[in-house]
1. Please go through region A:355-371 and give me each residue that is part of a loop (DSSP other than H, G, I, E, B) and in contact with a Lys or Arg (Cβ under 8 Å, 6 or more places away or on another chain), ordered by number.
2. For the condition within 17 Å of B:L181 (Cβ to Cβ) and either free of Cβ contacts under 8 Å to residues at least 60 places away in the same chain or of a type in the set (G, A, S) (or both), what is the one hit in B:G223, B:G218?
3. Considering only residues that are within 11 Å of another protein chain (Cβ to nearest Cβ) and either surrounded by 23 or more Cβ atoms within 10 Å (Cβ to Cβ) or at pLDDT below 90 (or both), which ones fall in region B:166-188?
4. Condition (residue is facing chain B (nearest Cβ under 10 Å) and either hydrophobic (A, V, I, L, M, F, W, C) or over 21 Å from B:K209 (Cβ atoms) (or both)) applied to region A:63-77: is it met by at least one residue?
5. Can we say A:V133 is within 13 Å of another protein chain (Cβ to nearest Cβ), over 23 Å from the mean Cα position of the chain (by Cα) and of a type in the set (A, V, I, L, M)?
6. Please determine, by comparing only the residues of region B:167-198 that are within 28 Å of B:R98 (Cα to Cα) and charged (D, E, K, R), which one is nearest to the chain's Cα centre (by Cα).
7. Farther than 23 Å from A:S261 by Cβ, touching a strand residue (DSSP E or B) at 6+ places or on another chain (Cβ under 6 Å) and buried (at least 21 other Cβ atoms within 10 Å of the Cβ): which single residue out of A:V315, A:V345 fits that description?
8. Tell me, yes or no, whether region A:331-343 has at least one residue that is within 17 Å of A:A422 (Cβ to Cβ), part of a helix (DSSP H, G or I) and acidic (D, E).
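The values are calculated or read from the model by the stated rules, or taken from the named source; none is laboratory data. Nothing here was measured: the structure is a model prediction, and the numbers come from that model. Methodologically, a virtual Cβ is constructed for each residue, glycine included, from the backbone with ideal geometry; neighbour enumeration extends over all protein chains shown.
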Amino acid sequence: MPERVPAVQMRGITKIFGSVRANYRVNLDIYKGEILAILGENGSGKTTLMNMLSGIYFPDEGKIFIDGKEVTISSPREAFDYGIGMIHQHFKLVDVMTATENIVLGLHEEGKLDLVKAAGKIRDICKAYGFEVDPDKKIYEMSVSEKQTVEIVKVLYRGADILILDEPTAVLTPQETDKLFAVLRTMREDGKAIVIITHKMHEVEDLSDRVAILRRGEYVGDLMTKDTNAQEMTDMMVGRAVSLNIDRPDPVDPKPRIEVSGLTVRDQDGILKLDNVGFTASSGEILGIAGISGSGQKELLEAIAGLQPTESGSVMFIDDDGNKKELLGKDPLEIAALGVTLSFVPEDRLGMGLVGNMDLSGNMMLRSYRRGKSAFTDRLFPKNLAKQVVEELEVLTPGIETPVRRLSGGNVQKVLVGREIASAPSVLLTAYAVRGLDINSSYTIYDLLNQQKKRGVAVVYVGEDLDVLLELCDKIVVLCGGKVSGILDGRTADKNEVGLLMTRVGGGEKE
Amino acid sequence: MLDLSLFIPRAVMQGMPLLYGSTGETISQKAGNLNLGIPGVMYVGAISGVIGAFLYERSVGGAVGMNPALTILIPMASCLFGALVMGLLYCFLTVTLRANQNVTGLAMTTFGIGFGNFFGGSLIKLTGADVPSITLSATSNTFRTQLPFANTTGVIGKVLFSYGFLAYLGIIISLIAAHVLSRTRTGLHLRAVGENPGTADAAGINTTKYKYLSTCIGCMIAGIGGLYYVMDYMNGVWSNDAFGDRGWLAIALVIFTIWKPDIGILASILFGGLYILYLFVPTGTNLAVKELYKMLPYVVTIVVLIITSMRNKRENQPPASLGLSYFREER
């Protein structure tokens, strides 16, 4: 192979936040005409490293070379000047502006601001790469994948030839992901350097030419994708051998536990969110709920948990003796008063699940503040519970007095799940329990769910990764536009079938 | 019956300080700085102008020796300087040190009013007058110079041309501000900073520069509003606390105009009219009725808030990161 010249060389990059070493002496090469995947667990410093390349952070130590010349990148503007464009995980778009306004933002083109001309140029770029973007559409009217397309066009409009994508597929459906990958491959053929941050193994295998692996802020090494496999990459990433199989014990003596029927929910604007939804979740089973995000998953779980006003339908809790209790129309306190222990791990961990500025024991107390005999609450119990959760779930934290906001995503989730299962629930509702978690933390969560299942808990698992849903769940309810599109057996269903059901009710080709 | 040819000029003159204040506040808010210090800034602008005019009038010894250009320029320059210092102070605290904007703003209002009353009181002492006020009639007369044809064109002249130059300047500034905000690259960048500073920063916009510039310029515009009040509306009479709650009304006006300075021109005149309506409608001897009329501008603001919130149109909402400070490396 001829000697290739790297477009970007990062040498000895170190970045420290307070007492956390986000990156330590990292060396990385990026080549044109190649798709490089950066792989690593949460908090391993992937995003931090790339943020230093795109001028968001400034390295404490180390050098960056572009085309062999040493450069200093102290702001995003300078990064543009070197042809580096980054598509952040949380889109950097102004909601109330149009696609065009967002794309020209920050540019200093010659002459007066000419949005019509800019829109024309945007249409040309879209044509060249096969994007579909309406330049005059407001961002808040767009779907997630449209927003992402705007981000990519924004980078191309600036003439970037080094593209960094931070977990671009986290919010896309399988179909949208395929489309994105096709575009990225076209850009590679075009001679652009592409860096993609991810922790989805099959995407790395599918798309990248080379993979660089980070572990706890340090560079472990790189591999040519075609010479490696998921097991090897995971082991390098975690630093020890990891089993990549998700356990699925057979349900023991499943009995119907939650019976949902005819559930209909409208939001504040009167838009139908759930339409006549019905299914049964049984004890000792994991019931998966699949669907494109925003198909009513959130409303469904919140309706069961007593947080969402409903229009009609019923949610029956069936205890071990077969007695039925209606949960609908009751708030969480009233549900608890019925003797139903229902735990809910919401999608928005720091918004609905935990209080970011409170420490671990304080957050444990949110569930137990009614304990204690006198006017004073029992502070010892949450403290011990916090210690127990930290120990059992291996939460990485400086101590139980640390505000949860300072923990990484995986650890925040462990704290939340730990608290919820501590109350020995009979029903456990989880929404996107592994969203944003790395592979190691994800497997910890799967194990926890399986333990609950073995205890005879009815577990409801709303997920986005179809591979996981198919491996973990006993039964899968597919939602599409608020309707139940199909109910499948997790052991026999295949990915295509679920994918089709997600996009069309009943899975047919036409409506 | 309401005499419109009397009522409208009074409403316009009453509305002008509000227009200056709300235009300044809008520019500041569009960059994400909720400057609740505006009432204080207007106070400081007014007293700074008064100090400048007072010193100049004294140094040349009365109306005879006064140069018209300097008579205008000295109070204007001192007013702008005072307001600018307030703006810089606010930016330093909230942008550089990232202090809480609400607390900073309220503190600056308290400070500004105190500053104004302290120096106002001192000047009153210096003049040794019997009444608790200073009168700068010579300066005020220059500020209130009317267009030559104002008196010869009847009702139209009275309604359209009978104002001092600052009134027209206020309208021009508002039109320019509206144009810059909605049509130019600078405006686009400014709005992006107020909506989502992280995005603006990642797009290569210097958020600190934009926040500083917009807030300082906004403060200077608001400061002129204070100067207008003393030199034009009050005919050059400063007395402590006379400015009243006009600064707060200016902030209410920002919401009323849904952050659009051009709407502000008509809205400020409407507010001005509502503010003085009680003087023009017969309210009898019952003082309580007068107070009810004085409530009108606030009632209208609340109604507008309810309507815009109910319609929930995204474009009519406050800038998304209004009141929040931004730090790039925050984790």
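1. Within region A:355-371, A:G356, A:N357 meet the criteria.
2. On inspection, the qualifying residue turns out to be B:G218.
3. B:L188, the sole residue that qualifies.
4. no
5. no
6. Per the criteria, the residue is B:R191.
7. Result: A:V345 is the single residue among A:V315, A:V345 that is farther than 23 Å from A:S261 by Cβ, touching a strand residue (DSSP E or B) at 6+ places or on another chain (Cβ under 6 Å) and buried (at least 21 other Cβ atoms within 10 Å of the Cβ).
8. Within region A:331-343, none of the residues are within 17 Å of A:A422 (Cβ to Cβ), part of a helix (DSSP H, G or I) and acidic (D, E).
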